[in-house]
């Protein structure tokens with residue numbers, strides 16, 4: 001969580017003025033989103049989030065993200081809706097960075113979600129997949145199996161400074177997935193980062209999904225695998241089967257998984273754990289001096305991998321058939 | 001700027017429920033205030049700031065700060081107004097810390113204030129001093145001349161690792177002030193930390209003052225000296241006489257300085273620079289591991305001191321007589 005970019009005094013008001021949402025009354029840098037700088041702004045017409053896209057977001061991808069949020073919001077999914085400026089563009093330029101304004105969503109993200117929240121997020125994910133059907137743009141998943149070897153090479157032997165033997169464990173996992181990554185599964189728009197900090201609740205009801213900046217076109221069941229990793233493990237890396245059942249049942253109450261997806265789920269979960277292990281590992285080894293962000297622990301996913309390696313089939317995650 | 005304390009999921013909603021301001025709809029950790037954790041919260045009745053008081057705030061001082069904000073707001077000063085809970089108390093307890101909810105103020109703090117803003121803050125400071133008259137509670141200024149030697153001892157010889165000779169320069173300054181610190185000046189409630197980040201503007205008009213957690217009972221002109229340090233120097237430590245004139249004229253348009261205050265102003269400005277040099281130095285030498293806060297540069301005030309040491313009288317700050 002961070003505010004990376006400090007915006008010169010008059011520039012923000014001038015930027016906001018382009019959007020026809022009234023005069024800027026306040027702007028607070030908020031501790032939300034690790035990739036971008038976010039300000040909660042108040043104007044004479046309401047509350048909004050102003051995002052400055054920092055260097056980890058490829059500007060060429062921004063039209064995909066913006067159009068996707070517009071597409072999903074039009075189809076009734078509660079997600080931030082980009083505000084379009086007078087010139088018809090949602091994207092602008094502020095403090096030397098691409099920037100956009102989206103509608104503010106109420107809701108609280110949970111640090112310790114329970115089974116009821118897992119069921120909600122399962123339903124929400126399936127609704128996202130259904131709302132994403134028909135979205136015409138495509139974006140490859142740069143963090144799927146083809147991206148893992150380059151990440152491992154970026155970490156290199158330094159991985160072993162984080163945990164002895166980690167470099168070899170990662171290399172063995174990559175070999176497994178490169179040899180047998182599931183192909184031909186139903187695909188479409190996936191969120192690809194639907195962790196608890198990106199899901200809002202009001203009381204126990206899901207009130208919105210945010211942060212679509214990893215969204216891409218990939219196997220829908222891979223998104224479910226990411227959620228099983230992100231929502232259903234306890235702090236000690238024990239898999240909580242009650243939460244797994246709730247998440248999967250919630251998902252299937254909206255969209256039933258096909259046989260191929262069920263068969264692929266263990267490999268997808270194991271691959272998803274490796275993906276977060278790898279990106280966290282690279283971040284961990286590359287904390288910039290003076291960083292305001294504490295990197296996330298890569299070894300959390302090293303421990304989750306151990307669980308996935310022993311899974312026999314999708315029933316071990318709580319899927320009922 | 002930081003959010004230090006992560007609040008357990010249900011605790012914040014339960015805390016907010018005590019205040020009769022409706023249900024909690026959202027809570028964003030905001031990058032405001034270096035001493036405490038601040039959340040901008042939205043409830044069914046509006047927007048508020050929820051503050052958790054971290055260890056640098058003495059809980060015994062909190063009733064002073066809360067009562068002061070209530071006193072000032074009642075007298076028409078635009079400052080955060082503490083919300084009183086159903087039990088009549090503004091202060092509560094959240095995540096193991098004292099906590100309070102105050103009203104949300106619109107406005108933007110400026111990184112590069114100009115003379116027009118200095119005039120506004122001069123007027124605002126004088127209005128604060130007038131509104132504070134009659135406030136019954138007292139709080140000694142722990143960061144005035146008696147507090148400087150202990151701070152220098154805390155830094156010790158390590159000061160010279162920040163800048164060669166700094167320990168000796170600080171010791172000489174302390175000796176000067178201990179021998180001749182102005183006494184018997186008109187005193188009352190001072191803000192004691194009215195830096196640009198604690199003053200809000202809408203367009204070029206002052207819209208509110210925040211962060212009263214250094215407020216205390218001391219010479220009113222010392223508050224002005226702090227503002228001259230905080231608002232009227234350029235990034236290269238050059239004193240901007242136009243800004244100094246604007247700030248002093250703004251102040252005197254509301255409250256005229258007495259002769260003794262005018263005579264004391266150079267010593268007060270020099271002492272105020274030393275005070276911020278010392279606290280920044282101690283912070284600089286004590287960055288906790290994993291800190292999310294970048295400490296402020298103490299040497300900014302070492303450079304400002306050089307200017308103050310050469311000042312002949314208050315006219316050098318722009319006071320017109």
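Tabulated results
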| read-out | value |
| --- | --- |
| Using alpha-carbon coordinates, inclination of helix B:241-252 to the longest axis of chain B, degrees | 60 degrees |
| Other copies of residue B:11: label-to-label distances in nm, shortest first, labels 7 Å along the beta-carbon direction | 3.8 |
| Square roots of 5 times each gyration tensor eigenvalue, C-alpha, chain B, largest first, Å | 33, 23, 18 |
| Cα pair count fraction exceeding 15 Å, expressed as % - segment B:9-103 | 59 percent |
| Gain in span if fully extended, residue A:74 to residue A:313, counting 0.36 nm per residue against the direct Cα distance | 82.3 nm |
| With Cα atoms, 0 to 90° folded angle of helix B:259-285 axis to chain B main axis | 60 degrees |
| Point-to-point label distance, residue B:299-residue A:183, nm (Cα→Cβ direction, 7 Å offset) | 6.0 nm |
| Ascending list, in nanometres, of distances separating the residue B:236 label from those of the other copies (7 Å, Cα toward Cβ) | 6.2 |
| In degrees, nearest ten, helix B:115-132 long axis to first principal axis of chain B (Cα) | 70 degrees |
| Ranked packing of B:48-55, B:235-242, A:42-49, most packed first, by mean Cβ within 10 Å | B:48-55, A:42-49, B:235-242 |
| Mean residue ellipticity (222 nm) of the protein assembly as shown, computed from DSSP H runs ≥ 4 via -39,500 (n - 2.57), nearest 500 | -13000 deg cm²/dmol |
| Cβ-vector label at 7 Å, residue A:142, separations to other copies in nm | 4.9 |
| Extension reserve of the residue B:172-residue B:95 stretch, reckoned as 0.36 nm per residue once the Cα distance is removed | 23.4 nm |
| Cα→Cβ-extended label distance, 7 Å offset, between residue A:242 and residue B:241, nm | 7.5 nm |
| Sites residue B:84 and residue A:153 - FRET efficiency at Förster radius 41 Å, r taken between beta-carbons, to 0.05 | 0.10 |
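Rule-based calculations on the coordinates, nothing more; no lab input. Since the model is a prediction, treat every value here as computed from it, not as a measurement. Note that each Cβ is placed from the backbone with ideal geometry, even for glycine, and that neighbours are counted across all protein chains shown.
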